[in-house]
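Notes to accompany the following structure.
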Amino acid sequence: MATPCKTETEDNCEYGILLDDRDRQSYKTVKIGSQWWMAENLNFETENSWCGGGSGMREGDCSVYGRLYTWAAAVDSICLAEQGLICGYGVEPCDLVAKVCGICPKGWHLPSEVEFESLIEIVGGQSSAGEMLKSASGWNENFGENGNG
């Protein structure tokens, strides 16, 4: 297991900024192990998206929580077609072993199972991944005292 880049007393992580050419929004990124991850929720608006963080029939604040996407919006993409794959709602089988660009900005893709497993391992395994990867702030308002994450 690798040493985490951020602890309670030190922050040796490598950070960056992703600029989404589609709408000029910028997102914080962080390198965890050898992988780069978005450190913020995507907020690119499509026909099949809505603001996260809402309750009941009310949408949340996209600037805080990002957007939520339908399955089809998340995975259907030109890059899948270029790889000879068809994937989306109601398409069986849907081989997500290939890189799925979907809703992601150019040069980015939805993480594969192998990439998620690597992330979980690098932050200490399944027993600690949730704690290590959750947000340290910003979630108390809607989710109570221990809602961060």
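Just so you know, all these numbers are worked out from the coordinates, no wet-lab data involved. Predicted model, so just to flag it, every value in this text is computed and none were measured. Here the Cβ positions follow ideal geometry from the backbone for every residue, glycine too, while neighbour counts run over all protein chains shown.
Structure notes:
- Gain in span if fully extended, residue 71 to residue 57, counting 0.36 nm per residue against the direct Cα distance: 3.0 nm
- Spin-label model, residue 116 to residue 41: label points 7 Å out along the Cα-to-beta-carbon direction sit 1.8 nm apart.
- Sequence ranges 37-47, 16-26, ranked by mean other-Cβ count within 10 angstrom, highest first: 37-47, 16-26
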